[in-house]
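The values are calculated or read from the model by the stated rules, or taken from the named source; none is laboratory data. Everything quoted here is computed from the prediction, not taken from an experiment. Cβ: placed from backbone, ideal geometry, glycine included. Neighbour counts: every protein chain shown.
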Amino acid sequence: MVSKTEETQLNRLENQVDNGGGGAWEYLCLVRKLKVRRSEKVLKYGLSILNDSRKRSALGPEEWTLYEQVAIAAMDCQCLDVAKDCIKVLQKKFPESKRVGRLNGMLLEAKGSWAEAEKAYSSLLEDNPLDQVIHKRRVAMAKAQGNISGAIELLNKYLEIFMADHEAWRELAEIYISLQMYKQAAFCYEELILSQPTVPMHHLAYADVLYTLSGLENLQTAKKYYASTIDLTGGKNTRALFGICLCTSAIAQVSKGRNKEDKESPELHSLAATALEKDYKQRASDKLGLLTSALRSLKT
Amino acid sequence: MAEDLVLDTAIRDWVLIPLSVVMVLIGILRYFVSKLMRSFQVPDPKIVKEGQVIVRARNLRAAANFIPPKSFRSRRVYFSNEENGLLFVPKGQAQNAQAQMFSDPNMAMDMMKKNLSMIIPQTLTFAWVNFFFSGFVAAKIPFPLTQRFRSMLQNGIDLSTVDVSYVSSRSWYFLNLFGLRGLFSLILGEENATDDTQRMMQMSGFGFDPSKSLGAEKDGLDIVQHEWALPKFEHRAEAVLKKLVS
C-alpha cells in the first residue's frame with residue numbers, strides 16, 4: 001500500500017510530467033517501485049523515451065526494465081501490437097529468460113486465448129515450481145474467465161505454500177466477500193491483522209465483515225474493531241465513526257429483551273455522532289440535515 | 001632480555017606491504033571466481049514452505065493480542081497440533097535432515113566447490129610465504145607476549161633468545177588472513193567468499209536449522225498467553241474522539 005507522502009510525491013511528478021516539465025524517467029521509476037497502476041501515462045511517457053534513440057541509450061541497462069514496464073502497460077491498455085514489439089525486442093536480447101516467457105504468457109492472456117496462456121504458464125511452472133508471480137497470474141486468469149471457485153482453489157493451494165504473502169490473503173478475502181462467504185473472509189482478514197496489526201484498513205474491513213455476520217458477539221467484536229480503527233486513524237475515518245453508531249444501535253436492538261448494559265464505553269456512541277456532525281459541517285454542510293435525521297433514527 | 005632490535009625499513013617495503021597487497025588481490029580474485037562458479041540453487045519447496053510457516057507463526061505470536069481469543073486458539077491448535085500441526089516435528093525426522101544433506105549430491109558438490117575455492121588459494125599463498133619470506137624477523141608486535149607463543153609466531157627464526165614480540169612473516173600472513181575480512185566487506189559489499197571462519201561455523205550448524213527453528217517457534221507459541229487488547233481500544237477511541245470533538 002502506498003503511504004501518503006509517496007502518494008503526494010507521485011502526484012506531483014505526474015503533474016510535472018503532464019505539463020511538459022520533464023522528469024518522465026523518475027516518474028516511471030516511482031510507479032515501478034510503488035507498483036501502482038497508471039498504465040496510460042506509463043505507456044505514453046515510456047514510449048516517448050523508448051522511441052527516442054538518444055534517450056534510450058542514455059538509460060543503459062535500465063532500458064530493458066523499461067521495455068518490460070511499457071509492455072505490461074500496453075497490455076493493460078489493450079495496445080497489443082506495442083506490447084508485442086516490446087516483447088520481441090526483449091526476446092531477442094534475452095532468449096531463454098523466464099521473465100520474457102512470463103510476458104509472453106501475459107500477452108496470450110491479454111489476447112484472450114486462455115488455453116494457450118494456461119499451457120504457457122504450466123510449462124513455465126514445471127521448470128520453476130516456486131515462481132510466485134506465475135501462480136498469481138493463473139489465479140487472475142481464472143478470475144477473469146469468471147471461474148471464481150477455480151480461482152479460490154488455486155489461491156488456497158498457493159497460500160498453503162506461501163502463507164506469509166499478505167497480498168494473497170487480501171485477494172482471497174475480497175473474493176470470499178464477493179461470494180458472501182463471510183466466515184471465511186473473516187478468517188482471511190484475521191490473517192491480515194496478524195501480519196500487519198497497525199494498518200487500520202484491515203481492522204475496518206474485519207469490522208465490516210463481522211457487522212455483516214451479525215449476532216450479538218460478532219456485533220460487539222465489530223464495535224471493538226471500529227474503535228481500534230478510530231484509534232489508529234486518529235478519529236478521521238468517517239466509515240469507522242458510522243460503524244460505531246450502527247453497531248451500538250444494532251446491539252441495542254438485538255439485546256432488547258436482555259438487560260445487557262454496555263459498561264465498557266457508554267459515551268462512545270454519542271462521541272462518534274458528535275464527531276461525525278463536526279466532520280460533515282466542515283466538509284459537506286449541505287448534507288448535515290440528512291446526517292442528523294439518520295443519527296436520530298438510529299438512536300431510537 | 002628486552003633489547004630493541006632495529007629492523008631494516010627494507011623489510012617493511014619488501015615484505016609487509018607486498019604480502020598485504022597480494023592477499024587483497026587474491027581475495028578479490030577469489031570473489032569473482034566464486035561468483036562465476038556459483039550454480040543457481042533451485043529452492044526446495046519444502047524449505048520454502050517451512051520458511052513461510054515460520055514467518056506466519058511468528059506473526060501469530062507477535063500480534064496475538066489483536067485477534068479474538070477463539071481465533072487465536074484455533075490457530076494455535078492448527079500450528080502445534082500433535083498429529084498434523086504445521087510446527088510439529090517428530091523426533092526421528094530431526095536427525096534426518098543432516099544425513100540427507102550429506103547424501104544429497106547437489107549440495108555436496110556445492111560445499112566441495114566452496115571448500116576448494118577457500119583451501120587452494122590459502123595453501124598456495126602459505127607455501128609462497130614460507131618459501132620466500134622465511135628465516136628473518138619481519139615485524140615487532142607492540143605488546144609483550146609470553147614464551148608459549150614462540151613456536152607459533154617465530155617459526156622461521158632459529159634463535160631462542162630473541163624476544164617473542166619479534167615475529168616472522170608467517171604470523172603477518174595469518175594476521176592478514178583474518179584481518180582483511182573487514183576490508184573486503186568494504187570493497188566488495190556484504191557478500192564475499194572470503195569469510196572463511198563464518199563459513200566454517202555455518203557448515204557445522206546447517207543441518208539442524210529448519211527443524212530446530214520449527215521446534216523453537218512451537219515452544220514460543222505454546223507459551224503465549226492471549227490477552228485480548230481490543231477492549232482497551234474502545235477506551236482509547238473514546239479518548240481520541242473526546243479530544244477531537246472538544
Worksheet entry | Answer residue from the stretch A:231-242, given it is within 11 Å of chain B (Cβ to nearest Cβ), part of a helix (DSSP H, G or I) and more than 21 Å from the chain's Cα centre (by Cα) and is farthest from B:Leu230 (Cα to Cα) among those | A:Leu241
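Given A:Ala227, A:Ala222, which one is in contact (Cβ under 8 Å) with a residue 40 or more places away in the chain, buried (at least 19 other Cβ atoms within 10 Å of the Cβ) and over 26 Å from A:Asn104 (Cα atoms)? Please lay out each step first, then the result.
Values: A:Ala222 fails: in contact (Cβ under 8 Å) with a residue 40 or more places away in the chain.
None of the other options fit; the residue is A:Ala227.
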Worksheet, complete the sentence: Of the conditions (1) surrounded by fewer than 16 Cβ atoms within 10 Å (Cβ to Cβ); (2) touching a residue at least 40 places away in the same chain (Cβ under 8 Å), the single one that A:Leu28 does not satisfy is (1)
Discussion item. Suppose the filter is within 12 Å of another protein chain (Cβ to nearest Cβ), surrounded by 14 or more Cβ atoms within 10 Å (Cβ to Cβ), at pLDDT 85 or above and within 30 Å of B:Ser71 (Cα to Cα); does A:Ala173 pass it?
Written reply: no
Practice prompt. Could you tell me whether the stretch A:227-242 includes any residue that is at pLDDT below 85, touching a helix residue (DSSP H, G or I) at 6+ places or on another chain (Cβ under 9 Å) and of a type in the set (Asp, Glu)?
Written response: yes
Discussion item. Can you find a residue that is modelled with pLDDT under 85, within 16 Å of A:Leu213 (Cα to Cα), more than 30 Å from the chain's Cα centre (by Cα) and assigned to a helix (DSSP H, G or I) anywhere in the stretch A:254-262?
Written reply: yes
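Within the stretch A:182-230, count every residue that is small (Gly, Ala, Ser) and either in a loop (DSSP other than H, G, I, E, B) or at the interface with chain B (Cβ under 9 Å from one of its Cβ atoms) (or both).
Our first condition is that a residue be small (Gly, Ala, Ser); within the stretch A:182-230, this holds for A:185-186, A:195, A:205, A:207, A:214-215, A:222, A:227-228.
Narrowing further to those that are either in a loop (DSSP other than H, G, I, E, B) or at the interface with chain B (Cβ under 9 Å from one of its Cβ atoms) (or both): A:186, A:195, A:214-215, A:227-228.
Of the residues in the stretch A:182-230, 6 are small (Gly, Ala, Ser) and either in a loop (DSSP other than H, G, I, E, B) or at the interface with chain B (Cβ under 9 Å from one of its Cβ atoms) (or both).
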Discussion item. For B:Val129, only one of the following conditions fails: (1) crowded, with 16+ Cβ neighbours inside 10 Å; (2) closer than 24 Å to B:Val22 by Cβ; (3) out of contact with any Ser or Thr (no Cβ under 7 Å at 6 or more places or on another chain). What is its number?
Written reply: (3)
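When only residues in the stretch A:110-131 that are outside any helix (DSSP H, G or I) and surrounded by 15 or more Cβ atoms within 10 Å (Cβ to Cβ) count, which is nearest to the other protein chains (Cβ to nearest Cβ)?
Pass one, the stretch A:110-131, residues outside any helix (DSSP H, G or I): A:112-113, A:128-131.
Then drop every residue that is not surrounded by 15 or more Cβ atoms within 10 Å (Cβ to Cβ), which leaves A:130-131.
Values: A:Leu130: 5, A:Asp131: 10 Å.
Among those that are outside any helix (DSSP H, G or I) and surrounded by 15 or more Cβ atoms within 10 Å (Cβ to Cβ), it is A:Leu130.
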Item to complete: With a cut-off of at least 3 residues that are modelled with pLDDT of 70 or more and within 24 Å of the chain's Cα centre (by Cα), name the helices (runs of 4 or more DSSP H) lying wholly within the stretch B:72-161.
Response: B:105-132
Response to the item:
So, first residue under 19 Å from B:Leu244 (Cα atoms) and free of Cβ contacts under 8 Å to residues at least 12 places away in the same chain in the stretch A:277-300, second residue assigned to a helix (DSSP H, G or I) and among the aromatic types (Phe, Trp, Tyr), Cβ within less than 7 Å, six or more apart or across chains; the pairs are A:Leu288/A:Tyr280
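Scan A:Leu59, A:Leu107 and give me the residue that is surrounded by 14 or more Cβ atoms within 10 Å (Cβ to Cβ) and at pLDDT below 85.
Numbers: A:Leu107 fails: at pLDDT below 85.
Criteria check complete, one pass: A:Leu59.
Return yes or no: is A:Gly146 more than 14 Å from chain B (Cβ to nearest Cβ), small (Gly, Ala, Ser), out of contact with any Pro (no Cβ under 6 Å at 6 or more places or on another chain) and part of a loop (DSSP other than H, G, I, E, B)? If you could, list the steps in order and put the result at the bottom.
Working: more than 14 Å from chain B (Cβ to nearest Cβ): yes; small (Gly, Ala, Ser): yes; out of contact with any Pro (no Cβ under 6 Å at 6 or more places or on another chain): yes; part of a loop (DSSP other than H, G, I, E, B): yes.
When the stated conditions are applied, A:Gly146 passes them.
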Practice prompt. Output the number of residues of the stretch A:35-54 satisfying the condition of being surrounded by fewer than 16 Cβ atoms within 10 Å (Cβ to Cβ), assigned to a helix (DSSP H, G or I) and either touching a residue at least 24 places away in the same chain (Cβ under 8 Å) or among the aromatic types (Phe, Trp, Tyr) (or both).
Written response: 2
Discussion item. So the check is Cβ under 7 Å with 6+ separation or different chains; which pairs have a first residue in the stretch B:52-79 that's within 13 Å of B:Leu221 (Cβ to Cβ) and in contact (Cβ under 8 Å) with a residue 40 or more places away in the chain and a second one that's of a type in the set (Gly, Ala, Ser) and in a helix (DSSP H, G or I)?
Written reply: B:Ile54/B:Ser213; B:Arg61/B:Gly220; B:Phe72/B:Ala64; B:Phe79/B:Ala57
Fill in: Those residues of the stretch B:227-246 which are more than 8 Å from chain A (Cβ to nearest Cβ) and touching a helix residue (DSSP H, G or I) at 6+ places or on another chain (Cβ under 7 Å), in sequence order
B:Glu227, B:Trp228, B:Ala229
